[in-house]
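Peer 1: Take this structure, written in structure tokens, and hold onto it; I'll ask about it next.
Please treat every number below as a calculation from the coordinates, not as lab data. Bear in mind the structure is a predicted one, so any value in this text is a computation, not a measurement. A quick note on method: Cβ atoms are made from the backbone with ideal geometry, for glycine too, and the neighbour counts reach across all protein chains shown.
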Amino acid sequence: MLAGRPNPRLTCALYPSSPAPAAPPTRFRRLDPDGRLVPLTVDGQALELPEGMPLAAALLTHGFDAFHRSVRRAEPRGPWCLMGTCLQCIATVDGRPQVRTCRTPVAAGMVVTLGS
Ligand code: FES
């Protein structure tokens, strides 16, 4: 038996009839809150993100943490190194598959598809 507060994710998995937990607060925040925001689409959702900021970082500040699924086990994967080495941040951007989002600056009108 585990002591302390139950993990809300485990609680939901153990008791499927319980309401889904609210999205966990993100650990990331913008360092330049006055930067220019540009519109783009992420999984069909219209967002405004800071222009020029690495796309992976901008999505992390909005609570996105699963960018694609692993090949063998279909486990969610998200940015790890944030410097273009690990390939854990790949997504489809403007129809181009397997784009490293940590090396891609946010631009107006981008269409991003996660989970591919
Ligand atoms: S986070 Fe590692 S390559 Fe993008």
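Peer 1: Evaluate the Kirkwood expression for the hydrodynamic radius of the range 35-113, namely the inverse of the mean inverse distance over all pairs of different C-alpha atoms, and round to one decimal in Å. Show your work: numbers first, answer last.
Peer 2: Working: mean 1/r = 0.0805 Å⁻¹.
Evaluated over the range 35-113, this radius sits at 12.4 Å.
Peer 1: Can you tell me the order of 28-39, 76-87 when each peptide is scored by its average per-residue count of other Cβ atoms within 10 angstrom, highest first? Let's see the in-between values first.
Peer 2: Working: 28-39: 11.6, 76-87: 14.7.
Top to bottom by mean Cβ count within 10 Å: 76-87, 28-39.
Peer 1: Find how much the distance from LEU31 to HIS62 grows on full extension, using 0.36 nm per residue of separation minus their present alpha carbon separation; answer in nm with one decimal.
Peer 2: 9.8 nm
Peer 1: Hey, another quick one. Quick one: 3J(HN,Hα) in Hz for the range 26-41, Karplus 6.51/-1.76/1.60 with θ = phi - 60°, rounded, Gly and Pro as x.
Peer 2: Whole-Hz 3J(HN,Hα) from phi for the range 26-41: 6, 7, 10, 9, 6, 8, 10, x, 9, x, 6, 9, 10, x, 7, 10.
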